[in-house]
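Enquirer: First the structure, which I've put down as structure tokens, then a few questions once you've had a look.
The values are calculated or read from the model by the stated rules, or taken from the named source; none is laboratory data. Please read all numbers here as calculations on a predicted model, not as lab measurements. Cβ atoms come from the backbone with ideal geometry, glycine included; neighbour counts cover every protein chain shown. Each accessible area value is taken on the protein alone, full model and side chains, heavy atoms only, with ligands, DNA and RNA left out. Shrake-Rupley method; radii C 1.70, N 1.55, O 1.52, S 1.80 Å.
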Amino acid sequence: MSLLDDVSIMVTPNGVKSNVLFGVLPTPTEGSELVTNGNFATDSDWTKGTGWTISGGSANFDSSGQSDNANISQSLGVDISGIVNVDFTQGDNAHYWNNGSTNFKLTFTFTKTSGTDRIRVVTSGTSLFFRALNGDNLIGSIDNVSVKEYISADMDFTRASTATRLDSSGDIVNVATGVPRLDYTGASCPHILVEPERTNTLTVSEPASGGTNVSFKTDFNALGFTNCIFFDGDKSVDRFFYQHGVPASTEVTLSFFVKMEDGSEPVVGGTVSSGDFGIVIGAGLVKPSTGGVIHPNVYMGNNVWRVSATRTTVGASSNNGPIKYDNSGVSTKAFRVVGLQAEAGSYATSYIPTTGITVTRNQELFSKTGISSLINNSEGVLYIEAKTTYDSSLSRRISLSDGTTDNRVSLEFDESVENKIKAFISFNNTDTELEYTASNLAQFNKIAIKYKVNDFAIYFNGSPVATESSGDIPTGMNQLVFNGGDGSNQFFGQVRNIQVYKTALSPTQLAALTT
């Protein structure tokens, strides 16, 4: 039997649309009926506006002579915040619409002679309204009204700006506001890209002029770029391209894309006499010997590498960019540069194009609420395949929870110790905590948290690395969120797979799942 026979939720980077990341499992199901007397068998349970009557097994409306719109409504008795299916049958000449300003947020209009309709709407509130429009002298009816929660693994998504991603063909492409990003950087298969808000403070990311002892070409021919800065391999003079635009006394990361003319991997020098070139931030060369950080290069394909370095600035709006010194230890290799980016933070995020002004990409938020039927509070497993860049200022978490940190199963990428993960299993604000320090969380790892009364474990890449035999389990968990359970400690990184199981899998199964 496959483990997938037991999984209750699976989220993978298999498809997106506006404000939604598609899940693979479960097969969409419906919750219980929320409407009382939906067949109008009795004249009860509904609040009727002017012109509405209930008789003959239907709700009927006659707008002749009416000057205002009129509702028939029902309180559903529960607060629905999610997606529901609304079914109903309408008779001849009916013209109804839902009261989008009050509860069910999606307004729909239709005119139809007769038939059954299903409308899937995003809801927030407790009441269902049907409204007959005035002024049309309409005579009609509705019957067989049904409202049921629509349950799937699709995750809700928010990002209030555009962004970029590397697509499957190897080009950097723009992604519309509110659309999740499936990114192919470093792999032939995509991952879900989740990033914090960042601003590119360099106002021309693809320059076609400027600099000192550099030239410009129109044949970068990779990642979708054409224009680029060209650095000759001759070392007789300093060659550099600088822009202004970083704040003072701030940790800043500067990054750009490099293609070496000989096809080699670029070497960023940490002194004025080493490497193929150096990186200047805030008018100072990034030197590891004085606290600067030169990050590992990221391969983008087609002999292109993204290089980056981090340094805390001294003065504001000082020189920032790549430099090839005329010192003897610097190589004679020529190279091309494009995609200049400076952002406050300890690591580089995805490319933010600028064409004359600074540009901000907003943070990304993923969540799936209202799924108590898909989570077992008695026992289970939360499995995540992900990677993330260490950030000493932020604990990054993915959780099952009740909307608080009181009851949750949470995986944390720790902010206090690099490469440490923690598992929090909380019952009524009392934590059972497990932890493990890995070798490298900046690469994809497979991590599972098993929870059961007095039986907890972390499995990491095929092996049990932490266990605990004492502790209670959460109650009321009804959501999967990319945070600590209460909206804080947002997760930022790359995700390949999330799975939720309703059973505490066996050691053999957990080893197989994380291998």
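Enquirer: Scan (1) free of Cβ contacts under 8 Å to residues at least 24 places away in the same chain; (2) in contact with a Ser or Thr (Cβ under 6 Å, 6 or more places away or on another chain) for the single condition Lys287 breaks and write down its number.
Expert: (2)
Enquirer: While we're on this one: Which condition number in (1) assigned to a loop (DSSP other than H, G, I, E, B); (2) open to solvent by less than 10 Å² (accessible area, probe 1.4 Å) is the one that Ile142 fails?
Expert: Ile142 satisfies every listed condition except (1).
Enquirer: Tally the residues that are open to solvent by less than 20 Å² (accessible area, probe 1.4 Å), assigned to a strand (DSSP E or B) and closer than 18 Å to Ile352 by Cα, restricting the search to the stretch 145-166.
Expert: Summing the residues that are open to solvent by less than 20 Å² (accessible area, probe 1.4 Å), assigned to a strand (DSSP E or B) and closer than 18 Å to Ile352 by Cα in the stretch 145-166 gives 3.
Enquirer: Since Asp414 meets every condition but one in (1) open to solvent by less than 10 Å² (accessible area, probe 1.4 Å); (2) of a type outside the set (Phe, Trp, Tyr); (3) farther than 18 Å from Thr503 by Cα; (4) out of contact with any Lys or Arg (no Cβ under 9 Å at 6 or more places or on another chain), which condition does it not meet?
Expert: Asp414 satisfies every listed condition except (4).
Enquirer: Only residues that are modelled with pLDDT of 95 or more and open to solvent by 10 Å² or more (accessible area, probe 1.4 Å): list them for the stretch 391-402, please.
Expert: Arg397, Asp402
Enquirer: For the stretch 138-155, give me each residue that is closer than 11 Å to Phe61 by Cβ and modelled with pLDDT under 80.
Expert: Taking the stretch 138-155 as the starting set, the residues that turn out to be closer than 11 Å to Phe61 by Cβ are 138-142.
Result: Leu138, Ile139, Gly140.
Enquirer: Take the stretch 370-395 and flag every residue that is part of a strand (DSSP E or B) and either without any contact (Cβ under 8 Å) to a residue 12 or more places away in the chain or touching a Leu at 6+ places or on another chain (Cβ under 9 Å) (or both).
Expert: So in the stretch 370-395, the residues part of a strand (DSSP E or B) come out as 379-387.
Gly380, Val381, Leu382, Tyr383, Ile384, Ala386, Lys387, listed by residue number.
Enquirer: Further question: Taking the stretch 245-261, which residues are among the polar types (S, T, N, Q) and open to solvent by less than 40 Å² (accessible area, probe 1.4 Å)? Break it down into steps so the answer makes sense when it comes.
Expert: First pass over the stretch 245-261, keeping only residues among the polar types (S, T, N, Q): 249-250, 253, 255.
Residues satisfying the conditions are Thr250, Thr253, Ser255.
Enquirer: In the stretch 11-30, what residues are outside any loop (DSSP other than H, G, I, E, B) and either open to solvent by 20 Å² or more (accessible area, probe 1.4 Å) or at positive phi (or both)?
Expert: At the first step, the residues of the stretch 11-30 found to be outside any loop (DSSP other than H, G, I, E, B) are 11, 16-17, 20-21, 25, 29-30.
Answer for the stretch 11-30, where residues must be outside any loop (DSSP other than H, G, I, E, B) and either open to solvent by 20 Å² or more (accessible area, probe 1.4 Å) or at positive phi (or both): Val16, Lys17, Val20, Leu25, Thr29, Glu30.
Enquirer: Filter the stretch 262-284 down to the residues that are free of Cβ contacts under 8 Å to residues at least 40 places away in the same chain and open to solvent by 20 Å² or more (accessible area, probe 1.4 Å) and list them by number. Before the answer, list the steps.
Expert: The first filter runs over the stretch 262-284 and keeps only residues free of Cβ contacts under 8 Å to residues at least 40 places away in the same chain, leaving 270, 282-284.
The one that is free of Cβ contacts under 8 Å to residues at least 40 places away in the same chain and open to solvent by 20 Å² or more (accessible area, probe 1.4 Å): Ala283.
Enquirer: Only one of Ser308, Ser318, Ser249 is within 34 Å of the chain's Cα centre (by Cα), under 13 Å from Ala348 (Cβ atoms) and of a type in the set (S, T, N, Q). Can you tell me which?
Expert: Working: Ser318 fails: under 13 Å from Ala348 (Cβ atoms); Ser249 fails: under 13 Å from Ala348 (Cβ atoms).
Answer to the selection: Ser308.
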